[in-house]
1. Every residue in the stretch 177-218 that is surrounded by 11 or more Cβ atoms within 10 Å (Cβ to Cβ) and not in a helix (DSSP H, G or I), please.
2. Looking at (1) open to solvent by less than 60 Å² (accessible area, probe 1.4 Å); (2) under 24 Å from the mean Cα position of the chain (by Cα), can you tell me which one residue 120 breaks?
3. Looking at the stretch 90-109, which of its residues are more than 30 Å from residue 51 (Cβ to Cβ) and without any contact (Cβ under 8 Å) to a residue 12 or more places away in the chain?
4. Could you give me the residue pairs with C-beta distances under 8 Å whose first residue belongs to the stretch 74-89 and is without any contact (Cβ under 8 Å) to a residue 24 or more places away in the chain and over 19 Å from residue 135 (Cα atoms), whose second residue is open to solvent by less than 50 Å² (accessible area, probe 1.4 Å) and in a helix (DSSP H, G or I) wherever it lies, and which are 6+ apart or on separate chains?
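The values are calculated or read from the model by the stated rules, or taken from the named source; none is laboratory data. Note that the coordinates shown come from a computational prediction; the quantities given were computed from them, not determined experimentally. Cβ sites come from the backbone with ideal geometry, for glycine too, and all protein chains shown count toward neighbours. Calculation scope for accessible area: heavy atoms of the full protein, side chains included, ligands and nucleic acids excluded. Shrake-Rupley method; radii C 1.70, N 1.55, O 1.52, S 1.80 Å.
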Amino acid sequence: TVPDYFDEDLFGLVGEKRRPPYRWFLVGPERSGTTVHVDPLGTSAWNTLVVGVKRWVLFPPHVPKSVVKGRRLTLPGEDDEAIHYFTTILPRMKRRAAACGGLGDYANFECYEFTQFAGETVYIPHGWWHAVLNVTHTVGITQNFCSRRNFDVVWRETRGGRKKMACSWLRRLRERYPDLARRAEELNTRDGFVMWEDDEVEQKKWRRKRMEKERRRMEKKKGRERKGSTTEKERKEDKEERKEDKGREKNITGSCGSSSSGRESKRTRVGSAREVSPE
């Protein structure tokens with residue numbers, strides 16, 4: 001069950017299949033974790049811990065990325081794994097901030113550290129840098145979301161990062177939340193932004209890419225036919241590609257009222273002691 005405080009989820013308007021991945025079941029061993037990052041598309045997040053203990057650090061958006069990442073504090077041969085970040089880089093960062101006296105890159109430096117126990121929920125505001133260390137073996141649930149509170153930021157990120165999905169989202173906002181649809185259009189006008197389906201240049205690029213993909217698919221198919229054998233897997237791939245192409249062609253008709261698939265990939269770097277976030 002989603003906590004009552006976070007029940008507004010505006011990305012839900014585009015449907016489960018079209019929205020970016022947004023909810024994860026997290027299982028992490030002791031000393032694993034997540035390196036410092038900002039959540040995608042301007043979303044906020046909540047994280048509920050079911051089992052274990054986590055250590056958190058959060059930085060407000062005004063703290064520079066170079067400071068948060070500790071780029072000038074990492075020595076040759078050191079990595080950015082969560083355990084090293086919390087035990088070594090973060091203490092160096094706080095000492096450097098104190099020594100700088102609030103000047104230079106460390107002007108108005110802030111960070112908030114706390115421990116999360118089982119049964120507790122953490123809220124991460126949009127734009128806040130954060131890192132997590134699993135003090136013990138942990139099990140948790142997390143979700144990224146868009147609400148009225150962070151709508152402006154999410155809309156600006158989504159219209160450029162998920163162009164086709166943004167068109168579908170805007171149509172559904174017009175149907176369900178006309179005030180937010182008007183706000184999105186006001187932001188577009190203010191920023192001079194042209195939606196994907198109203199941009200002839202972007203449309204031409206998309207058509208060229210689609211034609212090139214179809215050409216490669218046909219060449220691949222002809223190559224198989226010349227060999228005289230086609231496996232069941234290859235036939236299935238051809239069928240899926242044709243289905244996807246038809247779906248995209250159908251979904252881009254109209255003006256900012258189409259729907260299309262857009263996925264935000266959740267990347268987990270390979271390495272020791274990493275928390276696993278299965279999609």
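1. 177, 193, 194, 195, 199
2. Of (1) open to solvent by less than 60 Å² (accessible area, probe 1.4 Å); (2) under 24 Å from the mean Cα position of the chain (by Cα), only one is false for residue 120: (1).
3. 95, 98, 99, 100, 101, 102, 103, 104, 107
4. 74/89; 78/84; 78/88; 78/89
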